[in-house]
Amino acid sequence: MVPQPPRRSPRLALRASVPLVLAASLKKPTKLPRTKGRKAATARTTEPVSARADLPQPALPLTSITTSTLPPDKTWDAGHVLQHLCRNDANMASLVARIPRAKLTELMAPPKGTPFASLAKAIIFQQLHGKAATTIYNRFVALFQSTAHTDVAEAKEAIRSQDLSGDDFPTPGEVRAMPIDTLRSVGLSQRKASYILDLAHKFDTKAIDDEKLVTLDSVEISKLLCQVKGIGQWTADMFLIFYLKRLDVFPVLDLGVRRGMAVHFGLISAESLRRKGTKAKEPSHDELTKLAECWRPYRSIASWYMWQLLDTKTV
């Protein structure tokens, strides 16, 4: 299951995928008896693993990997993170054991492209299906690629063969100089074109720059990004998790995370989510925020597991 905004899936916008070695294995845990009720589920979650003889102790090597967007003193310590989550969430060990290790590598792999490219792509993909959004995105990049190639066919071939979110993505200055009617000609709405121009303006004038996005804390970055037209808290959270690789972001506005948590903590059943026409009562944002406290300071990783939990092959 991928993270979802109110109307579409976000991973196409903010996601990196470079192989990362995570040499880890967990023994298959003993299946725990399920206890119904919210209070019982909450109590079961906060009980430390050390107090539960029936839970396995994860044996994970402490492999440290530094990501490109984090300050030099911050590392992604896979073994420590998973051990922490399993000790503090009694339900997490079985979930970690069920998810293939290779899938976790996608989350903390170094990102591609620039922060500006990632955020601009997020705006283009908002509320659109993947195929339609990709077509518009390719046309958008082609506007600027064609200026670097004398032949139109050559420009289109360059777009097809290269990573469109990488070095070939236009700079903020180039985007800012493009007339809004030209941006709209690739399929962007008037509103989205104005959002992208506002984003380009803020990057070009250094109101937002790469250094700030690395050095500021997550709350400050969210406030900074939410000043851009078309970027709200959900988009900021996805950028923090999938581009900046911040480990302690809790995207409570994401539907997939909310539903995954409800199933994970036994508040609703997975079957009720599958049945069409069934309206299962979901816990409030405040309730979910309290439940997620046991995941600190690795709520990003735990949220990723909630997305995986809702995968039909996993639930």
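The residues of region 190-215 that are free of Cβ contacts under 8 Å to residues at least 12 places away in the same chain and either β-branched (Val, Ile, Thr) or surrounded by 14 or more Cβ atoms within 10 Å (Cβ to Cβ) (or both), listed by number, are 205, 209. Among the conditions (1) under 17 Å from the mean Cα position of the chain (by Cα); (2) farther than 21 Å from residue 239 by Cα; (3) modelled with pLDDT of 75 or more, residue 91 misses just one, which is (1).
Out of the residues in region 168-183 meeting the condition of being part of a helix (DSSP H, G or I) and either within 10 Å of residue 201 (Cα to Cα) or among the acidic types (Asp, Glu) (or both), tell me which one is farthest from the chain's Cα centre (by Cα). Give the derivation first.
Step one: list which residues in region 168-183 are part of a helix (DSSP H, G or I), which gives 172-176, 180-183.
Add one more test, that the residue is either within 10 Å of residue 201 (Cα to Cα) or among the acidic types (Asp, Glu) (or both), and what stays is 172-176, 181.
On the way: 172: 23, 173: 27, 174: 28, 175: 25, 176: 27, 181: 32 Å.
Out of the qualifying residues, it is 181.
Here's the yes/no breakdown for (1) at pLDDT 55 or above; (2) touching a Ser or Thr at 6+ places or on another chain (Cβ under 9 Å):
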{"position": "132", "(1), (2)": "yes, no"}
{"position": "142", "(1), (2)": "yes, no"}
{"position": "148", "(1), (2)": "no, no"}
{"position": "162", "(1), (2)": "no, no"}
{"position": "169", "(1), (2)": "yes, yes"}
{"position": "178", "(1), (2)": "yes, no"}
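Criterion applied to 263, 257 was being outside the structural domain of residue 143 (by TED's automatic domain parsing) and in contact (Cβ under 8 Å) with a residue 60 or more places away in the chain, and the one residue passing it is 257.
Does region 86-114 hold any residues that are closer than 23 Å to residue 222 by Cβ and buried (at least 21 other Cβ atoms within 10 Å of the Cβ), and which are they? Within region 86-114, 107, 108, 111 qualify. The condition of being among the aliphatic types (A, V, I, L, M), more than 26 Å from residue 78 (Cβ to Cβ) and within 18 Å of the chain's Cα centre (by Cα) holds for only one of 244, 255, that being 255.
The values are calculated or read from the model by the stated rules, or taken from the named source; none is laboratory data. Everything numeric here is computed off the predicted structure, so don't read it as measured data. For neighbour counting, all protein chains shown are included, and Cβ atoms are generated from backbone atoms with ideal geometry for every residue, glycine included.
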